[in-house]
Amino acid sequence: MASANSGKQDAGTAGTDREPESPSEGTNSSELAGSSGGPAQDEATERQHHIIASWDYSGPLPPPELLARYDDVCSGGAERIFRQFEKQSEHRQAMERQVLNAEQDRQRADAATVRLGQVFAFLIVIAFGAGAMVCILLATTGAQAAAGASLAGASLAGIVAAFIYGHRAQREARQGEDDAS
């Protein structure tokens, strides 16, 4: 006669009592001939113990004791774990290199764009300044001189505005980077 616990395992139970499932399991025929609930029945009772073990470790590789168990289960298991770890490390490092190279390329392209913008701005200012000087020097009337002076003033105002706006944009970009980190 089986108890309610036979056939089921409770993972949280340290030990369970189980009666034999067949009359001959764990007993001999002389014990079965005895009383139905006496010492023969108690001797036939089998005690099961369940042990739950867990490993806790941090890092990419298990501790050496656990690696040895992997080798016991699968020949070369620890070596396979090491190869996989090395492949993953190489892949991660390659991806980090790609990100770093892309960031450096972007910074170089940004610097080249800024430098090109500065060169064109300089050329435009020189052209407007030269045009203003020509207007002022060749002016025969006061209106022509005023036009040349306003041309010179507009080019100077453009330079000042670009300088102020550029510094403000750089400051905001630095603050954005500081806030992000």
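The values are calculated or read from the model by the stated rules, or taken from the named source; none is laboratory data. Values in this document were obtained by computation on a predicted structure and should not be read as measured data. Methodologically, a virtual Cβ is constructed for each residue, glycine included, from the backbone with ideal geometry; neighbour enumeration extends over all protein chains shown.
A quick yes/no check of all residues on (1) modelled with pLDDT of 85 or more; (2) of a type outside the set (V, I, T); (3) within 24 Å of V160 (Cβ to Cβ); (4) in contact with a Gly (Cβ under 8 Å, 6 or more places away or on another chain):
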{"position": "D42", "(1), (2), (3), (4)": "no, yes, no, no"}
{"position": "A53", "(1), (2), (3), (4)": "no, yes, no, no"}
{"position": "S58", "(1), (2), (3), (4)": "no, yes, no, no"}
{"position": "D72", "(1), (2), (3), (4)": "yes, yes, no, no"}
{"position": "A78", "(1), (2), (3), (4)": "yes, yes, no, no"}
{"position": "R97", "(1), (2), (3), (4)": "yes, yes, no, no"}
{"position": "A102", "(1), (2), (3), (4)": "yes, yes, no, no"}
{"position": "Q107", "(1), (2), (3), (4)": "yes, yes, no, no"}
{"position": "G117", "(1), (2), (3), (4)": "no, yes, yes, no"}
Worksheet item: For L123, are the conditions met, namely being closer than 30 Å to Q107 by Cβ, assigned to a helix (DSSP H, G or I) and either hydrophobic (A, V, I, L, M, F, W, C) or under 37 Å from the mean Cα position of the chain (by Cα) (or both)?
Response: yes
Worksheet item: Taking into account only those residues within segment 68-85 that are of a type in the set (A, V, I, L, M, F, W, C) and touching a Pro at 6+ places or on another chain (Cβ under 8 Å), which is nearest to W55 (Cα to Cα)?
Response: I81
Worksheet item: Looking only at segment 131-149, which residues are assigned to a helix (DSSP H, G or I) and surrounded by 12 or more Cβ atoms within 10 Å (Cβ to Cβ)?
Response: G131, A132, M133, V134, C135, I136, Q144, A145, A146, A147, G148, A149
